[in-house]
Each structure stands twice: as C-alpha cells, then as structure tokens.
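Structure, as structure tokens:
The values are calculated or read from the model by the stated rules, or taken from the named source; none is laboratory data. Because the structure is a prediction, the values reported are computed rather than measured. All Cβ positions, glycine included, derive from the backbone under ideal geometry; neighbour counts span all protein chains shown.
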Amino acid sequence: MVIRQQNDLGFESNVHLHGGYVTAGHDGHPMDVIAAGKSFEYHYPNHQDAASLWYHDHAHGRTSRTLYYGLVAMYVLEDDLERELDLPTGDYDVPIVIADHAFNKDGSFRYVENVDLGFRGDTLVVNGAISPRMRVERRKYRLRFLNASNARSYTLRLGSGHVMTQIAGDGGLLERPVRRRSIPLHPAERIDLVIDFRDYRPGTELVLQNTDGSGGTVAIMRFDVVRGGGEDARVPRRLKPLDPLPKPVTSRTWDLALGTAAWEINGKSFDPDRIDATPKRGTSERWTFVNHSDRVHPMHLHGFLFRIMERSSGPVALADKLGWKDTVGVLPNETVSVLAWFAPYSGKYVFHCHALEHADKAMMLQMEIV
C-alpha cells in the first residue's frame, strides 16, 4: 500500500505502523517528521503474516499527547492462511481499542503529564465510547483487542471468569489456540480472542472487566446476547506453524531505570545522533530487559518481532510461547529475556518503552541493522 499522509496540524507529525515490516525510511522514526502543511508517502509492503497491527503518530517528545488526543487507529492485515481456517469474519470480526481518559466539565479530554507514573485516566473509552454495549448473536466472534492507553495495563476477565480463546498476539496467529480466563494486556500489546456466545442464553449480559482497575476503570464493555447467528466459523486445533529461529549470535542486556532527570536505558536517554546497537540483518539476538524501577515498561522494537524466552517473575504464559511479539510488558523489578529476529530490512530503527510519557522523556535508544 502507498498512503499519502497530509499533515494539517500546526506542528510536526508522522506515522508509525506499529508491528509492520517496513523499510527504515517509511517506519515513522521519531525524527522523520512531516512538517506542518506538508505530506509524505508511506510505502507498506505487507509482506508478513496476517496480524492486528496499528498506526499512530511518533514525532519525538509529543506522542503522549497526540496519541491521547486521538492519532491512533488499527491496521488489520489479512492473508490466505487465515481465510482457509474459517475463523469468524465480516461483522463477526471486530477491532476493539481500549484507552483510559479523563474529562473536563465540557466533555473535552483532560490530560495531565506524569513522567513517573504515566497518564492515568478515571474513565475507560472503547472505540470512542464510554461503557459501550455490544449486541452479539449466539455464535463465535473474533475480537481484536488493542491497549492504546498511554501507560495503563489491564487484566481482562469476562464475567465471573468465563473462558476466552486466544488465537493471536502482536505478530499474528499463535501455533494453536489457548483457553484463558484472565489475560494481561500492557500498552501497545494486541490479543485476538474468540468468544463463543452459543454458550449463553438470549438475554444474558456479560461484562468484560479489568481486574486491575478501580472505580470507572473496572468495567470495559458489555456483551448483550440475542437470538440468531447460524454458525459457520470454527477454531481449528492448529493455527500456524511456529517458524524456528536461528541461534542468537550475541546477547545484550538493557537496564531500565529512572535517572536524575529522565527515564533511561543503560544509563542513556535518546540521542538521534548516536547508534546504541548494530544487529546484523538476518540474525537473532538474545535481549534481556532488567527493570530496576517500580513501574511497568512495555518494551517495543520497531520493525522486528521477537519471542519471549524467560521471565524472572514466573513461567512465560503459554500464549506468549506460541507466537511472535513486538511489545513485552516488563513488570516492576522483573527481568525478561527475548529472542529478537532482525529481518527483513536494514537501516535505522528505535526501540523504546511504550509507556508514552517514559518514551517522550526519553526512554528510547536507536539501533542500526547492518
């Protein structure tokens, strides 16, 4: 796809296709901006597996505000393999974007910067609506969830703990479906769930909750089960083979901490004139994130995917073992190791914390794939 983005804002902006395999010049690097009143053509090859991607502004130092005020949308990539699996499609395949907000008396968004904690709103907004109700027929639905919050993590639970089947993550389909009753979702992460509403009688009301929330950040949305829905979708026992990775050619450790004036990785803040790592294209590396703080750091690599190998807090969730990721939530005082695969493109990219106030101030480093 070739997309011409026209910047009609009064300040610099750009577009990052989060999770996309995109050449460096079209990735939306924080320093590759579109001046006010100018435009840029982004080229998206789409040469990757089907996945629930998203796109957003990424001009450095401003993303916490621009994403909060709405420069966010999903980019759903499909392929023949998914169509052959007979998963729910059409009206039964629904993107769901979750974010927390605060409001002024006139109904406008209220934003207060908090560089330490990150922004926390008191109200959840789903696809632009507060406390939405979704009428669902008695059949299977595919729900593509994106956590588009600035810094809030969620733990999803349906009703009193009903089963939800995860079929995909950041990088697309898992190797096989995983039945889950409680699912963590950190900023920038995506999960695709299939919920079979044939298990419930017409008139049933099911509330999707955030068990990490309080007050107005607990109830996310409600599903109202109605009659109808001749079933023609299924969830096969096997979804997509998990490609083997080459052995890592090197290991790198990244210390995550709050410095004297800003958030840092390995004691450094973002400097666009400095290259902090030079992986070789087509190789894999073991990256270990060590969180020395009491905040969650969702670490995101631009342009490349990885697999989660180890967590100091306990076993890696089965769904994370069976698929690809581009963002991983590193919990307070936790150490997480991933195996990153640096293909298909070379060039300059960034990796950063996706708690947006952390990235703006300035928890981000630059890598050049050589």
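Mind counting the residues in the stretch 37-75 that are outside any loop (DSSP other than H, G, I, E, B) and either surrounded by 13 or more Cβ atoms within 10 Å (Cβ to Cβ) or in the same structural domain as V94 (by TED's automatic domain parsing) (or both)? Spell out the reasoning first.
Taking the stretch 37-75 as the starting set, the residues that turn out to be outside any loop (DSSP other than H, G, I, E, B) are 39-43, 51-56, 63-68, 72-75.
Checking the rest, the ones that are also either surrounded by 13 or more Cβ atoms within 10 Å (Cβ to Cβ) or in the same structural domain as V94 (by TED's automatic domain parsing) (or both) come to 40, 42, 51-56, 63-68, 72-75.
Looking only at that region, the number is 18.
Do we find that S52 is in contact with a Lys or Arg (Cβ under 6 Å, 6 or more places away or on another chain), among the polar types (S, T, N, Q) and touching a residue at least 60 places away in the same chain (Cβ under 8 Å) in this structure? Show your work before the answer.
Numbers: in contact with a Lys or Arg (Cβ under 6 Å, 6 or more places away or on another chain): yes; among the polar types (S, T, N, Q): yes; touching a residue at least 60 places away in the same chain (Cβ under 8 Å): yes.
Here the answer is yes, as S52 does meet what is asked.
Six or more apart or on different chains, Cβ atoms under 7 Å: show the pairs whose first residue is in the stretch 273-291 and assigned by TED's automatic domain parsing to the domain that holds S337 and whose second is loosely packed, with under 13 Cβ neighbours inside 10 Å and at pLDDT below 95.
Partner pairs satisfying both residue conditions: T283/P246; S284/P246.
Inside the stretch 171-205, can you point out the residues that are part of a strand (DSSP E or B), of a type in the set (K, R) and touching a Leu at 6+ places or on another chain (Cβ under 9 Å)? Break it down stepwise before answering.
Here is the first cut: in the stretch 171-205, the ones part of a strand (DSSP E or B) are 172-180, 183-185, 190-196, 205.
Among the residues that remain, those that are also of a type in the set (K, R) are: 176, 179-180, 190.
R176, R180, R190 - these are the residues of the stretch 171-205 that are part of a strand (DSSP E or B), of a type in the set (K, R) and touching a Leu at 6+ places or on another chain (Cβ under 9 Å).
(1) outside the structural domain of M364 (by TED's automatic domain parsing); (2) surrounded by fewer than 17 Cβ atoms within 10 Å (Cβ to Cβ): which one isn't true of N333, the others all being true?
(1)
Against the conditions (1) free of Cβ contacts under 8 Å to residues at least 24 places away in the same chain; (2) in a loop (DSSP other than H, G, I, E, B), where does G118 fall short? Just the number, please.
(1)
Taking G303 and the conditions (1) out of contact with any helix residue (DSSP H, G or I) (no Cβ under 9 Å at 6 or more places or on another chain); (2) assigned to a loop (DSSP other than H, G, I, E, B), which numbered condition does it fall short on, given that it satisfies the others?
(1)
Is the stretch 21-32 home to any residue that is farther than 30 Å from V235 by Cα, in the same structural domain as G215 (by TED's automatic domain parsing), at pLDDT 95 or above and out of contact with any Cys (no Cβ under 7 Å at 6 or more places or on another chain)?
No: the stretch 21-32 contains no residue that is farther than 30 Å from V235 by Cα, in the same structural domain as G215 (by TED's automatic domain parsing), at pLDDT 95 or above and out of contact with any Cys (no Cβ under 7 Å at 6 or more places or on another chain).
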